[in-house]
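Colleague: Below is one structure. I have some questions about it.
The values are calculated or read from the model by the stated rules, or taken from the named source; none is laboratory data. Keep in mind that what you see is a predicted model, and the values were worked out from it rather than measured. Note that each Cβ is placed from the backbone with ideal geometry, even for glycine, and that neighbours are counted across all protein chains shown. Only protein heavy atoms, including side chains, enter the accessible area calculation; ligands, DNA and RNA are left aside. Shrake-Rupley method; radii C 1.70, N 1.55, O 1.52, S 1.80 Å.
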Number of protein chains: 2
Amino acid sequence: MADVARRAGVSMATASRALSNHPHVAAATRARVLAAAEQLSYVVSPEASRLAGGATGRVAVVVPHISRWFFATLLEGIESVLRDADLDVLLYHVGDAADRRDFFQRLPARRKADAVVVLGMPVRDGERERLETMGVHIVAAGGQVEAYPYVSIDDASAARQAVDHLLFLNHRRIGMIATVDPAEPHWPANPGRSRAYDEALADAGLPADPSLVVTVPWGSLHGADAMARLLSLREPPTAVYAHSDEVAFGAVRTLRRAGLRIPEDMSVVGIDDHPMAELADLTTVAQPVRDQGVLAGRMLLSLLAGETATTGVTVPTRLVVRGSTAPPRR
Amino acid sequence: MADVARRAGVSMATASRALSNHPHVAAATRARVLAAAEQLSYVVSPEASRLAGGATGRVAVVVPHISRWFFATLLEGIESVLRDADLDVLLYHVGDAADRRDFFQRLPARRKADAVVVLGMPVRDGERERLETMGVHIVAAGGQVEAYPYVSIDDASAARQAVDHLLFLNHRRIGMIATVDPAEPHWPANPGRSRAYDEALADAGLPADPSLVVTVPWGSLHGADAMARLLSLREPPTAVYAHSDEVAFGAVRTLRRAGLRIPEDMSVVGIDDHPMAELADLTTVAQPVRDQGVLAGRMLLSLLAGETATTGVTVPTRLVVRGSTAPPRR
DNA sequence: GCAATCATTGGAAGCGTTTCCGATGACGCA
DNA sequence: TGCGTCATCGGAAACGCTTCCAATGATTGC
């Protein structure tokens, strides 16, 4: 940087100010410095900058299950925005509660990042405050709605779209395969998706039948198990609503193995519009996953730019009717 | 750090040495320093450390397609090892050639990471040299075999397992769906998987029939197209070998829509053992994806520890026979 | 038993920025 | 014209660590 300053004929102090867009630098001077930096193809050392009190130029992204399509796609969207803004992405896989505690404890202390994006899980108030007091911004994506900047779908309305579709087709016995996060089995992964199911049935004047609801850890194989349980009922449902497409795929497998036809013998609907859903001809409620990542990235950028925080954004979902749903036979 | 040194009754120099595992520190002293650090819950500032000439404690991972199961899973494996070793993961999505050039140009200059893991693509000699001259270690995973540390499967042998299985079942007209990376359409994604197909047929004394080979961009939908092209042949194959499971899924969809039965009318085999393969009852050649990530991470760790470089590791694949393959009918 | 060798340790000089504080000059207003 | 303001800019002190260079004391070979 000394070279740049010399070449521009200013002091290092001024060079630094010009380079980091500070006010109180004459436009002409700034231009001169920028030109000099350009010619010397100079870039500030993030380490030194950070050490002296600047920003790190890094954003931490906390992901619960990297290899799941949903999170990986979200991550892809975030990365693209952040990379365009010349920010680096620090990836943290946070599986269980211990990891999580570890993360929130360590990161702020080490000040490794200027901001945090939390994917797919709610941020507790204490954690949020802790980060914010340390000047670390925070944004959530693909998770539950809370009182801080987030991007997500409206779980309840997505669920309604799925269940209402089944209801509209005249199904009266509708099963639900709900999921919990295998890493945190005590918290339902998507309470909104369950609640909306209850409400939809109630609104349709149908009685709540707990035996039609089975809760399993997330995953296709568990979805298959869940379907088996539903089939073992004295009076199985005529349609099944699964909390996610991957779970629905498992259900479909079980139905096939049982020799049942879809949608003639059983309708199946999922949520997500996983790329495989089109191939499997699965009716589902689509959500724009990558876009949510992009939006979250942008939101973070404006937060970092000092703009006033948006409360949150809910992106729309839409029912995609394919071949896995039809009116019940009887 | 001054606090830690004081508390341990040593100088900062010694404290630094103890903390960063340098030799020439008495075991007792080191223990004392470590204990003091523990009590004060102190961690070295990576910025300051790096600035003063130390390591960044960061590893860059370069991924071509984050949202694909294969890469996301590899990434998950790498992250877990690196995180255990207290290294941070910097994620870089490198889609096309421009991104790639950008990455290799920028990263070394800014010295943001101590090492680089490149997923799923060959590293060119120039790039490797550039990194190594700057003291940045490099490891590749899930890609093609080259003359530097890598972890991957033996593409040729995996392909042989798939094709030989078909041959063993007595198929004589075997189609292949080969893939290219949509971002770099001029380079075949997996030349080894194509070559082995040719060789297997030759070894079986079968003539090479170019019309049985169709090359498409990676992806299920493209796989579906490819299958359609194969079906439009005057004499379609009796079995199809796809370069990856995702492509095979697409092929399966086309076959179903065409009213053909699997495996009676057509056998299908893929490579990867994607989680969905079990659900789809797809015969495939399984490769340990997460393990490859873990291995790559470990390899990097030993490189970072100054141990002599391993040339590379090839992990075994195995044929998983499911319901999508059977002898031809006629 | 003595000198040479070696393992440990401490002192202090950076590493490349940012920012506080004060200085300088230009500009506006009375 | 004179003086106060304010926009700009420069000097220098951190920021928190690593490592070179010596110095010290312990160990070993003859």
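Colleague: Only one residue in B:234, B:261 is at pLDDT 95 or above, surrounded by fewer than 23 Cβ atoms within 10 Å (Cβ to Cβ) and over 25 Å from residue A:248 (Cα atoms). Which one?
Modeller: Checking each option against the conditions leaves just B:234.
Colleague: Now for a separate question. Condition first: open to solvent by less than 10 Å² (accessible area, probe 1.4 Å), of a type in the set (Phe, Trp, Tyr) and out of contact with any Asp or Glu (no Cβ under 9 Å at 6 or more places or on another chain). Can you find one or more residues in the range A:239-250 that meet it?
Modeller: yes
Colleague: For residue A:172, indicate whether it is of a type in the set (Lys, Arg), surrounded by fewer than 19 Cβ atoms within 10 Å (Cβ to Cβ) and either at pLDDT 95 or above or under 23 Å from residue A:307 (Cβ atoms) (or both).
Modeller: Working: of a type in the set (Lys, Arg): yes; surrounded by fewer than 19 Cβ atoms within 10 Å (Cβ to Cβ): yes; either at pLDDT 95 or above or under 23 Å from residue A:307 (Cβ atoms) (or both): yes.
Yes: the conditions hold for residue A:172.
Colleague: So which residues in the range B:5-41 are near DNA strand D (Cβ under 8 Å from one of its atoms) and of a type in the set (A, V, I, L, M, F, W, C), if there are any at all? Talk me through it step by step, then tell me what you get.
Modeller: Initially, the range B:5-41 is screened for residues near DNA strand D (Cβ under 8 Å from one of its atoms), giving B:11-17, B:19-20, B:22.
Matches in the range B:5-41: B:12, B:13, B:15, B:19.
Colleague: Right, something else. Answer with yes or no whether residue A:101 is at pLDDT below 85, more than 24 Å from residue A:188 (Cα to Cα) and more than 18 Å from the chain's Cα centre (by Cα).
Modeller: Values: at pLDDT below 85: yes; more than 24 Å from residue A:188 (Cα to Cα): no; more than 18 Å from the chain's Cα centre (by Cα): yes.
Criteria not met by residue A:101.
Colleague: Which members of the range B:231-262 meet the condition of being within 20 Å of residue B:196 (Cα to Cα) and over 24 Å from the mean Cα position of the chain (by Cα)?
Modeller: Hits for the range B:231-262 are B:237, B:238, B:239, B:240.
Colleague: Residue check: is residue A:45 among the hydroxyl-bearing types (Ser, Thr, Tyr), surrounded by 13 or more Cβ atoms within 10 Å (Cβ to Cβ), modelled with pLDDT of 90 or more and more than 7 Å from DNA strand D (Cβ to nearest atom)?
Modeller: When the stated conditions are applied, residue A:45 does not pass them.
Colleague: Also, quick follow-up: Test of understanding: among A:77, A:57, which residue is on the phi > 0 side of the Ramachandran plot and more than 14 Å from DNA strand D (Cβ to nearest atom)?
Modeller: That would be A:57, the only listed residue that is on the phi > 0 side of the Ramachandran plot and more than 14 Å from DNA strand D (Cβ to nearest atom).
Colleague: Got at least one residue in the range B:92-102 being open to solvent by less than 30 Å² (accessible area, probe 1.4 Å), hydrophobic (A, V, I, L, M, F, W, C) and in the same structural domain as residue B:137 (by TED's automatic domain parsing)?
Modeller: Within the range B:92-102 (the criterion being open to solvent by less than 30 Å² (accessible area, probe 1.4 Å), hydrophobic (A, V, I, L, M, F, W, C) and in the same structural domain as residue B:137 (by TED's automatic domain parsing)), the answer is yes, since at least one residue qualifies.
Colleague: Take the residues in the range B:17-60 that are within 12 Å of DNA strand C (Cβ to nearest atom) and among the hydroxyl-bearing types (Ser, Thr, Tyr); name whichever of them is farthest from the other protein chains (Cβ to nearest Cβ).
Modeller: Going through the qualifying residues, I end up with B:29.
Colleague: Moving on. If a residue has to be at the interface with chain A (Cβ under 10 Å from one of its Cβ atoms) and open to solvent by 30 Å² or more (accessible area, probe 1.4 Å) to count, how many in the range B:81-91 make the cut?
Modeller: Residues that pass the stated criteria total 2.
Colleague: Which one of the conditions (1) under 25 Å from residue B:291 (Cα atoms); (2) in contact with a Gly (Cβ under 9 Å, 6 or more places away or on another chain); (3) of a type in the set (Val, Ile, Thr) does residue B:136 fail to meet, given that it meets all the rest?
Modeller: In the conditions (1) under 25 Å from residue B:291 (Cα atoms); (2) in contact with a Gly (Cβ under 9 Å, 6 or more places away or on another chain); (3) of a type in the set (Val, Ile, Thr), residue B:136 misses (2) alone.
Colleague: With respect to residue A:298, is the statement that it is open to solvent by 10 Å² or more (accessible area, probe 1.4 Å), outside the structural domain of residue A:168 (by TED's automatic domain parsing) and either under 24 Å from residue A:164 (Cα atoms) or polar (S, T, N, Q) (or both) true? Working first, answer last.
Modeller: On the way: open to solvent by 10 Å² or more (accessible area, probe 1.4 Å): yes; outside the structural domain of residue A:168 (by TED's automatic domain parsing): yes; either under 24 Å from residue A:164 (Cα atoms) or polar (S, T, N, Q) (or both): no.
When the stated conditions are applied, residue A:298 does not pass them.
Colleague: Another question, if that's okay. When the range B:150-169 is examined, which residues are found to be of a type in the set (Gly, Ala, Ser) and either open to solvent by 30 Å² or more (accessible area, probe 1.4 Å) or under 28 Å from residue B:329 (Cα atoms) (or both)?
Modeller: Passing the criteria: B:156, B:157, B:158, B:159, B:162.
Colleague: Looking at B:9, B:53, which one is in contact (Cβ under 8 Å) with a residue 12 or more places away in the chain and surrounded by fewer than 14 Cβ atoms within 10 Å (Cβ to Cβ)?
Modeller: B:9
Colleague: Quick check on the range B:177-184. Is at least one of its residues open to solvent by 10 Å² or more (accessible area, probe 1.4 Å), farther than 30 Å from residue B:50 by Cβ, in contact (Cβ under 8 Å) with a residue 40 or more places away in the chain and away from chain A (no Cβ under 14 Å)? Lay out the reasoning, then the answer.
Modeller: Quick first cut of the range B:177-184, residues open to solvent by 10 Å² or more (accessible area, probe 1.4 Å) only: B:180-184.
Right, trim to farther than 30 Å from residue B:50 by Cβ and you get B:180-184.
The next check asks that each one be in contact (Cβ under 8 Å) with a residue 40 or more places away in the chain; those that pass are B:181, B:183-184.
From what is left, the residues that are away from chain A (no Cβ under 14 Å) are B:181, B:184.
There is at least one residue in the range B:177-184 that is open to solvent by 10 Å² or more (accessible area, probe 1.4 Å), farther than 30 Å from residue B:50 by Cβ, in contact (Cβ under 8 Å) with a residue 40 or more places away in the chain and away from chain A (no Cβ under 14 Å).
Colleague: Here's something else I'd like to know. Within the range B:252-266, can you find the residues that are in contact (Cβ under 8 Å) with a residue 40 or more places away in the chain and over 16 Å from residue B:225 (Cβ atoms)?
Modeller: B:262, B:263, B:264, B:265, listed by residue number.
Colleague: Restrict the check to the range B:318-329 and report whether at least one residue is more than 28 Å from residue B:55 (Cβ to Cβ) and at pLDDT below 95.
Modeller: The answer is yes; a qualifying residue exists.
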